[in-house]
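Take a look at the structure below.
The values are calculated or read from the model by the stated rules, or taken from the named source; none is laboratory data. All of these numbers come straight from a predicted model, not from anything done at the bench. Every residue, glycine as well, gets a Cβ built from its backbone with ideal geometry; the counts of neighbours run over all protein chains shown.
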Amino acid sequence: MLNYYPSWKNLLVAGVLLVGLLYALPNLFSQDPVIEITGTRGEQVGETLQQNILAALERAQITIKSSELKADRLQVRFRAAEDQLAGQDAISKVLPPEFTHALTLSPDIPGWLTAIGGRPMNLGLDLRGGIHVLIDVDMDAAIEKTVERHAGNIRTALRDEKIRYVTVKESGNGVDVRFKDAASRDQAEKVLRSEFRDLATSVRDEGEEFYVRVFMSQDEERAARRLALEQNITTLRNRVNALGVAEPVIQQQGDRRIVVELPGVQDPGKVKDLLGATATLEYRLVHGDPGQAFEAESSGRVPAGAALYHERNGQPILLKRQVIVTGDEMTSASSGFDQQSGQPAVYVNLDSKGARRMRNVTTENVGKPMAVVFKEKRTVGRDAEGKPIRKWVEEVINVATIREAFGRRFQTTGLDSAQEAHQLALLLRAGALAAPINIVEERTIGPSLGQDNIDQGMVSVAVGLLAVMVVMVVYYKVFGMVANLALIANLVLIVAVLSMLQATLTVPGIAGIVLTVGMAVDANVLIYERIREELSIGSTPQASIHAGYERAFSSILDANVTTLIAAVVLFSIGSGPVRGFAVTLAIGIATSMFTALMGTRAVINLVYGRKRVAKLAI
């Protein structure tokens, strides 16, 4: 009896190993400091901008390694980290506001390798350094904001139908509308039930006061919370992109929490200010004259349909309650300076809905004043449990007379500084948060610690691999050397699969690789012990090899399937680090099955398979 593979199986094993080697190769190339320039909203980076940036670097006497213009970004490569930091300062001075830059590391891979899709695997926060932030979304505030929006829509619907009401008051998860008579109440109830089909309605009488309550059902509340979480994730992603971070991780955790991981970022104060900022603009018409505003402030009686605000100099002003447009309807914003006054300004573009409303209002109110309200949620203290107390701070930053109708694009002045204009433009570009957020956990990992983790992980893999290889050679001789070849091939395949999937390697992931190194030879141990048993009962060497691989297969499959089930469970219910461990463990199981069964069998067949031998070196 002879043991040999058909040619296609040998070619399959050789092909898999060759592909694995090719796609693991990018991880061996050195990492260069790189600055990536991209558009904040998908703008294309052109040759003109590239030339401006290169000229700025040349003026600053900063040497670059290369610059490459890709489909949606410009990549400037430096020889040292010091040049990268100096280049960041030079680039930021000439970079237009609609573009952003990110500091990252990129391997200098040959073109032929990148042409076939060769890319190194991503490194996690614990290996690269950066900031980890766990954010809690204030769901109660999300419900309040939704109810506030419903209240405004209810007022509009009743005015359109010319139904007189006394008050519209927000209460809990709904809105109470009070009427003077039952007939108006009943008419309004029909209109509101028809207009707001997703909301529930109820009626009640309290003496001579008649009420309609419009409120959210449990399903509507759950939908509002889910929408707030999704919108906050989108907004935070936009803000992080505007901050200029390469390969950020922003994902949901549970029903109300968001995980943000920013590799390479080392300024937690700036990150927290940007992520937690809740600032927007509102445009409203001015109500009455300054005398009425002073009277309302002194008496405490505000006219119906108006709200009392203060300008930055402390002067009171009455504005109409109806908001023309808000930051939610702004598609883009950039900072600059007003050409006439030289003051800091924010240039705003509205979406089609907001532009139409702005044009209608300005057309009807030419010659009347319009105010710009700056709204920001600030932390004003902490409660007994240590949680931050945040409240809205609203101030009028600009009052101007409408000279002519305008719609989609206009500018806003009245800001204190160019820095405030830049920050406000950034927040408006990113969008408003659907609900306030609280940072409940924050970790900063330095780049030196990340490098230490990489070095220690490499040492642990090397020590584990060497120890297993020595034991296998001492105990199984030639067969042990074959198992060691399979073990090295297994590591290469794990790295190749992680690179092809663009998975993120973390410290727990390295632990999974170390565990796989120990487990990968289990299959070979089972096979070799079975071969020994066959030899001890008098089977020929060729028959023993055949029986060893055939009869040990079921035990190997059972052991690996149970471990794979554990890896799937860890991935399903675990968080980031646990998932990283589960991914590398599952990949290691799959690759070790291939190398231990097909790989070693192919080598053993080449060594012993086509000849008659009297003894096996096992």
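Worth pointing out:
- Close contacts from region 71-86, counting a first residue that is in contact (Cβ under 8 Å) with a residue 60 or more places away in the chain and under 21 Å from GLU47 (Cα atoms) and a second that is crowded, with 17+ Cβ neighbours inside 10 Å and aromatic (Phe, Trp, Tyr), with Cβ to Cβ under 9 Å and a gap of 6+ residues or different chains, come to none at all.
For every residue, the table says whether it meets (1) in a strand (DSSP E or B); (2) at pLDDT 85 or above.
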site: GLN187; (1), (2): no, yes
site: VAL203; (1), (2): yes, yes
site: PHE210; (1), (2): yes, yes
site: GLU221; (1), (2): no, yes
site: ARG225; (1), (2): no, yes
site: LEU236; (1), (2): no, no
site: ASN241; (1), (2): no, no
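- Residues that are in contact with an Asp or Glu (Cβ under 8 Å, 6 or more places away or on another chain) and in a helix (DSSP H, G or I), drawn from region 163-185: ALA182
- Filtered residue count, region 362-393, keeping only those that are within 30 Å of the chain's Cα centre (by Cα) and at pLDDT 75 or above: 3
- Failed item, numbered, when THR114 is tested on (1) within 24 Å of the chain's Cα centre (by Cα); (2) closer than 30 Å to VAL497 by Cα; (3) of a type in the set (S, T, N, Q): (1)
- Residue in region 144-162 that is assigned to a loop (DSSP other than H, G, I, E, B) and either at pLDDT below 85 or farther than 27 Å from ARG257 by Cβ (or both) present: yes
- When residues in region 496-510 are screened for being surrounded by fewer than 23 Cβ atoms within 10 Å (Cβ to Cβ) and either out of contact with any Phe, Trp or Tyr (no Cβ under 6 Å at 6 or more places or on another chain) or over 19 Å from THR591 (Cβ atoms) (or both), 6 of them pass.
- Taken over region 1-13, the criterion of being in contact (Cβ under 8 Å) with a residue 12 or more places away in the chain and in a helix (DSSP H, G or I) is satisfied by LYS9, ASN10, LEU12, VAL13.
- Picking from residues in region 289-344 that are of a type in the set (D, E, K, R) and part of a loop (DSSP other than H, G, I, E, B), the one that is surrounded by the fewest Cβ atoms within 10 Å (Cβ to Cβ) is ARG301.
- Residue match in region 582-597 (condition: in contact with a Leu (Cβ under 7 Å, 6 or more places away or on another chain), of a type in the set (Ser, Thr, Tyr), surrounded by fewer than 21 Cβ atoms within 10 Å (Cβ to Cβ) and under 29 Å from TRP8 (Cβ atoms)): no
- If the condition is being over 20 Å from MET519 (Cα atoms), assigned to a helix (DSSP H, G or I) and hydroxyl-bearing (Ser, Thr, Tyr), then region 563-618 contributes SER572, TYR608.
- Any pair with Cβ under 9 angstrom, 6 or more apart, that starts in region 192-220 at a residue that is touching a residue at least 24 places away in the same chain (Cβ under 8 Å) and not assigned by TED's automatic domain parsing to the domain that holds THR167 and ends at one that is surrounded by 16 or more Cβ atoms within 10 Å (Cβ to Cβ) and of a type in the set (A, V, I, L, M): none
- Test: residue in region 88-96 that is buried (at least 21 other Cβ atoms within 10 Å of the Cβ), in the same structural domain as ILE35 (by TED's automatic domain parsing) and over 27 Å from VAL19 (Cα atoms): yes
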